[in-house]
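The structure appears below as structure tokens.
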């Protein structure tokens, strides 16, 4: 079943006196419980595409639908609610709060969804166990390795049980072993829990985890292939 539908998506923005045409007419359908990789050189539109799917931005033209909801028709409050309920984010730089423990970082998204304190604590503990970090729950980010920080970031992305996980270069700051661990976790979430996973990457080894690879260049999809 189609979960995400992009039709004739364009995105233009002004950088100084110059207009940048980041996306130039993207058509893309992503199914429930699919893992895809988005590749392409810097400036090809990968992050812009991820931001539109993630309701962090709206298209200049075209329609972007999540579960048949046209996101460009929503106001900011509605976009925030949709993000909070449907989408989890994993970033290359982890984006953890340095002063908080791993447990508290995972609890953060649930605070914004007004989850009770006891349920937050229980859910965070369950998620840290899922990513193999129960014994690191009280550690702050600077006490964790890069791979551990990214696994905390993944646990945080799962806090509100989203249908969609968006991962922007999730292995970019990790060694090969840690990167493979993160990708195996994402693949397991797709296979065991039916999550839809979209990964932006420059790394062919990361893209190999995906079922489908989309290649962008100059704001256009120039190649699409299925992995064996």
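Read-outs throughout are calculated quantities, based only on the coordinates presented, and are distinct from any laboratory measurement. Given the structure is predicted, the values throughout are model-derived calculations rather than measurements. All Cβ positions, even for glycine, are placed from backbone atoms using ideal geometry, and neighbour counts span all protein chains on display.
Show me the ranking of peptides 159-169, 83-93, 135-145 by mean Cβ neighbours inside 10 Å, starting with the highest. Please list the in-between numbers first.
On the way: 159-169: 20.7, 83-93: 19.0, 135-145: 14.6.
The packing order, highest mean first, is 159-169, 83-93, 135-145.
Shape of the stretch 93-194 from the C-alpha gyration tensor: oblate (a/c of 1.5 or more and a/b not above b/c, with a ≥ b ≥ c the square roots of its eigenvalues). Here the stretch 42-162 has an Rg and Dmax of 15.8, 48 Å, counting Cα atoms alone.
Mean projection of the alpha-carbon convex hull of the stretch 79-150 over all orientations, in nm²? For the stretch 79-150, the mean projected area of the Cα convex hull comes to 5.0 nm². Viscosity 1.567 mPa s, temperature 4 °C: Stokes-Einstein D of the chain from its Kirkwood Cα radius, in µm² per second? D = 72 µm²/s. Relative contact order of the stretch 93-211, taken over Cα pairs closer than 8 Å and 6 or more residues apart, is 26 percent. Can you compute the label reach from residue 161? Point 7 Å from Cα along the Cβ direction, backbone N cut-off under 19 Å, restricted to the stretch 52-78. So the set is 67.
Principal-axis analysis of the Cα atoms of the chain puts helix 146-157 at an angle of about 80° to the longest axis. Each of the peptides 69-77, 50-58, 111-119 was scored by the mean count of other Cβ atoms within 10 Å over its residues; in descending order, highest first, they stand as 50-58, 69-77, 111-119.
Against the chain, whose longest principal axis comes from its Cα atoms, helix 102-112 is set at around 60 degrees. The calculated FRET efficiency for residue 8 paired with residue 78, based on their beta-carbon distance and R0 = 22 Å, is about 0.50. Helical content alone sets the calculated 222 nm signal of the chain at -10500 deg cm²/dmol, taking -39,500 (n - 2.57) per DSSP H segment of four or more residues and averaging over every residue. Computed from Cα positions, the angle between helix 117-130 and the longest principal axis of the chain comes to roughly 80 degrees.
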